[in-house]
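Derivation of every value follows stated rules applied to the coordinates shown; laboratory data play no part. Model, not experiment: these values are computed from the prediction. Heads up, the Cβs are rebuilt from the backbone with ideal geometry, glycines too, and the neighbour counts pull from every protein chain shown.
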Amino acid sequence: MRIKGIPVPAKILLISLFNKVCYVYDSKDYLYDIEKTYTGAASKDNSGFTCSKAIRELHYDNIKDEYELIGLLRTKEYTKIHIDENCIVGWAKRFYKEKPNAQKADFIGDYSGKIRIVGEIRKPNILSQYILPYKGRTNKQFRYLMDKLNDEINKKNLGAFYTPELYVKKSLELVRLAIKRVPEGNDYIIIDRCAGTGNLESYLTVEELSHVIVSTLEYYEYKVLIETLGDKVRHIIPPTEREDTFHLGMVRGADALSREYINNAIIRKYIENPNCTIIIFENPPYVETTSIEHQRKNKSKKSGVWKNSFAVKEMKKDVRKRNLINTVTNDMGNVFIWSAFKYYLRQPTDSYILFSPAKYWKAQHLVSKRMIKGFAFNRKHFHTNINACIMCILWSNENAVLESFEIEAYNIKNEELVFERKLAISKIHDSYSSIYFDKRKMDGDISDSTLCGLNGLPRSCKQPSFSPIFNENIIGYMAVYSSGFDNPDLHSSLLTAGRYDGHGFYLRKDNYLEKLPMFAASRYIKYNKGWTERGRVMKSADGQSQYNKDIKNGKLEQFLLKCLLFTVLEPQNHMREFLGANGRLYRNNLCIDNTNGKTLALKSLRKLKKNSREEELIKQWNKVFSDAKLTRNYNPQYNYGLFQIIEELNTYRKDIISNQTIYDYPSLNGNIKSLAEMVKNYYLEEIVPFLFKYEFLK
Ligand SMILES: C[S@@+](CC[C@H](N)C(=O)[O-])C[C@H]1O[C@@H](n2cnc3c(N)ncnc32)[C@H](O)[C@@H]1O
């Protein structure tokens, strides 16, 4: 409770169901034990714990005691707990929930420095019934959690996700390689413009620290930075706190993307010295304004202020000149990367040790330099929940054309660094939409108002992003967004009619088969949740010439039919049959129910030389379908695909008491589940290798 920011009740009740006795204890008498961190059941690992005699014994089979017990359960009295590093994040969440407009200062403000906003933890108000005042003079105790204590707006704007200790230590190998590159007789400096509370610097030696220049934007991080590193590093920017340093929760003069910072005289002095080598060592903030998460939360006017900064404006000009994709400036990390090469690194022996997802190099081509060495780290350990690949690369400031490289992947298990394998990182060039999307306009295309939502049913749309069409040769609409795998379920779909928000193309009878690998590839992350895949593997059309050649010479017929079989059995294929508002029946041609005549898929699949696994898949589908036909909602007018069966026929209800889902047709539900497992294995073993071979996945 304490760790989650849930108030600890004043009384502990221990119930013996057998004797019908409730033993009552005061939780304040056990505060010392309560404040230890526990995982798992209370009945485990508790040897050595003893408790005193209960302060009351209630025999709850007698009415008087029963009333008293109910009274105890209803009281709102709590034992105040101490704030420590185990529970502060839970209480921060609770505080910001109860006071949504509060800022970080309101929660952790301290008595040190020039700004004396005394925060909730030191002078409890909202949480006064639940927590004791925190006595620490500064916030140093929470230095590794400062990112998690940010208020919502800061979370959005600062992109603060701290580097775990084991990854910091590993990355120092790269820093030391960079130091080795410093020419004889040169001075060198290590700059970290977004140091947070100084994690990356924690394990540098005294001598190395004497070359370091650090800064960070957020005020409370800056204070911890001064406290922990102030007397050890060469410079902190700004060097001391002044009356006007605190500015709306930020540090004046420390915004690395501002003109003022880029022109900072202290740093410029080194940059302009030809006998000084520059090493940048950074984990830049992750803020991507186009990400779904960001947009969902993007209600505040203050959000995204960094987009107006000097560095972004300058970068935009350069992006146009260099013909890079313009979305590259949507990501704050990219602005750090671009500005590092633009304003700081100048000699071939200068280096950049950079933590970042691979996209900046792989898809956005922001860096064209020599790669010396690198590691892959699991993003999950950077205070997020996402299993994904973060690269830590040592770049040399020498121009180089590079198509791919290898890095060593390290995960963290049981608090130890574990080498998993070497990973290839390859650049991607062409997108599906530019190469493979079918953009033909054809005779017989007529304007048609039907658009579908992601649930496969018609959806009205006041301002559709494109004008939907109908043609006898159209069998569906495929949408595949972007090269990455953010929100894969949202960003790929197959529907019977146009998707309301576009991002796709119409599948036509004459070439639909050769388009299906795009849909198959867009399911990759769903079936490969390993941390090394997300952020590293992306969708590309780079294999186009080989693919088109092999399509022409008929080499791929069987592979395309396998993709078709996968597509008809994959639940993310949201094609449904329905009667449109215009009275037209929208047929699902990518299913294998032939109740109302053979579908296109069935006709094509006749040519598949089925192996035993494919025979089994069809058998399993038949089981699903025969169960589906027995359901109440079954309508023989439709040809059913798997998704339509799941949505319309596999009905269920929630049990009020257990809150469990009770399926009306357990056999149907069981058969659907088994099919899903079989489809997954089929996909991984028989489809994925081809997708890599033809670089649909790269
Ligand atoms: C990903 S964290 C890295 C922190 C630390 N170096 C580490 O690796 O644990 C990025 C840091 O950049 C800071 N930051 C965000 N925007 C900034 C800006 N415009 N200028 C300077 N620092 C910034 C955040 O407050 C956050 O501490």
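Set the Förster radius R0 to 22 Å, insert the Cβ-Cβ distance between Thr327 and Lys380 as r into 1/(1 + (r/R0)^6), and round the FRET efficiency to 0.05. Once the sixth-power term is evaluated, E becomes 0.30. For the range 165-356, taking Cα atoms only, Rg and Dmax work out to 16.7, 53 Å respectively.
Put +1 on the Cβ of every Lys and Arg and -1 on every Asp and Glu Cβ in the chain; which of Tyr144, Val480, Ile412 then has its Cα farthest towards the positive end of the dipole? The listed residue farthest towards the positive side: Val480. Only Cα pairs under 8 Å and 6+ residues apart enter the sum, and on that basis the relative contact order of the chain stands at 8 percent.
Of the beta bridges in the chain, as assigned by DSSP with both residues counted there, near 70 percent are antiparallel.
Measuring nothing but how far apart in sequence close Cα pairs (under 8 Å, 6+ apart) lie, relative to its length, the range 553-698 scores a relative contact order of 27 percent. When Rg is the radius of gyration of the Cα atoms in the chain and Rh is its Kirkwood radius, what does Rg/Rh come to? That ratio is 1.03, to two decimals.
Taking a temperature of 10 °C and a viscosity of 1.306 mPa s, what whole-number D in µm²/s does Stokes-Einstein yield for the range 331-415 with Rh from Kirkwood over alpha carbon pairs?
So the translational diffusion coefficient is about 116 µm²/s.
Mean sequence separation of contacting Cα pairs (under 8 Å, at least six apart), scaled by the length of the range 88-158, corresponds to a relative contact order of 30 percent.
Estimated from helices alone, the mean residue ellipticity of the chain at 222 nm is -8000 deg cm²/dmol (sum of -39500 (n - 2.57) over DSSP H runs with n ≥ 4, per residue). For the range 88-158, the spread of Cα coordinates along the three principal axes comes to 29, 27, 21 Å, biggest extent given first. What the phi angles of the range 676-689 give under the Karplus curve with 6.51, -1.76 and 1.60, with θ = phi - 60°, is a coupling list of 4, 5, 5, 5, 4, 5, 4, 4, 5, 8, 10, 9, 4, x Hz, glycine and proline written as x.
Pairs over the 26 Å Cα-Cα cut-off, from the set Lys28/Lys135; Lys316/Lys462; Lys555/Lys610; Lys552/Lys603: Lys316/Lys462.
Our estimate of slack between Val21 and Val418, defined as 0.36 nm per intervening residue step minus the Cα-Cα distance, is 137.9 nm.
The loop-placed trypsin sites (Lys or Arg not before Pro) in the range 499-569, going by DSSP, that have at most 16 neighbouring Cβ atoms within 10 Å of their Cβ come out as Lys509, Lys529, Lys555. Derived scalar couplings between HN and Hα for the range 139-148 equal 9, 4, 4, 9, 4, 7, 10, 4, 5, 7 Hz in order, rounded to whole Hz, by the Karplus curve 6.51 cos²θ - 1.76 cosθ + 1.60 (θ = phi - 60°), x for Gly and Pro.
In a solvent-free Debye calculation with one equal scatterer on each Cα, what is log10 I(q)/I(0) for the range 432-693 at q = 0.15 Å⁻¹, listed in the order of the q values? Rounded to two decimals, the profile gives -1.18. As a proxy for reagent exposure, Asp45, Asp443, Asp489 were ordered by neighbouring Cβ count within 10 angstrom, fewest first; the result is Asp443, Asp45, Asp489. Using Cβ point charges alone (K and R +1, D and E -1), the dipole size of the chain about the Cα centre works out to roughly 1220 debye. Charge tally around Ile213: other residues with Cβ under 11 Å, Lys/Arg +1 each, Asp/Glu -1 each, net +1.
Taking R0 as 25 Å, what's the FRET efficiency between Leu177 and Arg234 from their Cβ-Cβ distance, rounded to 0.05? Between Leu177 and Arg234 the formula returns 0.75.
Extending 7 Å from Cα along the Cβ direction at Asn86 and again at Lys36 yields two label points whose distance is 0.9 nm. Listed values for the range 349-365 are Karplus-derived 3J(HN,Hα) couplings in whole Hz (6.51 cos²θ - 1.76 cosθ + 1.60, θ = phi - 60°), namely 8, 6, 9, 10, 9, 10, 8, 5, x, 5, 3, 4, 9, 5, 10, 9, 6, and x replaces Gly and Pro.
Taking 30 Å as the cut-off for C-alpha to C-alpha distance, list the pairs among Lys598/Lys698; Lys64/Lys97; Lys36/Lys76; Lys549/Lys609; Lys148/Lys680 that go past it.
From the list (Lys598/Lys698; Lys64/Lys97; Lys36/Lys76; Lys549/Lys609; Lys148/Lys680), the Cα-Cα distance tops 30 Å for Lys598/Lys698; Lys64/Lys97; Lys148/Lys680.
Extension gain for Met1-His247 works out to 85.0 nm (0.36 nm per residue, less the C-alpha to C-alpha distance). A simple spin-label model places pseudo-atoms 7 Å from Cα toward Cβ; at Ser368 and Leu490 they are separated by 3.4 nm. Hey, how many Å between the Cα centroid of the range 420-473 and the Cα centroid of the range 32-68? Taking the Cα centre of the range 32-68 as reference, the centre of the range 420-473 is 60 Å away. Measuring between alpha carbons in the structure, the pairs from Lys170/Lys321; Lys321/Lys539; Lys529/Lys693; Lys99/Lys654 lying more than 28 angstrom apart are Lys170/Lys321; Lys99/Lys654.
Counting neighbouring Cβ atoms within 10 Å and putting the fewest first, the residues Ile131, Ile412 line up as Ile412, Ile131. At full extension, Ser545 and Asn471 could sit 23.7 nm farther apart than now, given 0.36 nm per residue minus the alpha carbon distance. Exposure proxy shown here: for Ser449, Ser674, Ser215, the number of other Cβ atoms within 10 Å sets the order, fewest to most, as Ser674, Ser449, Ser215.
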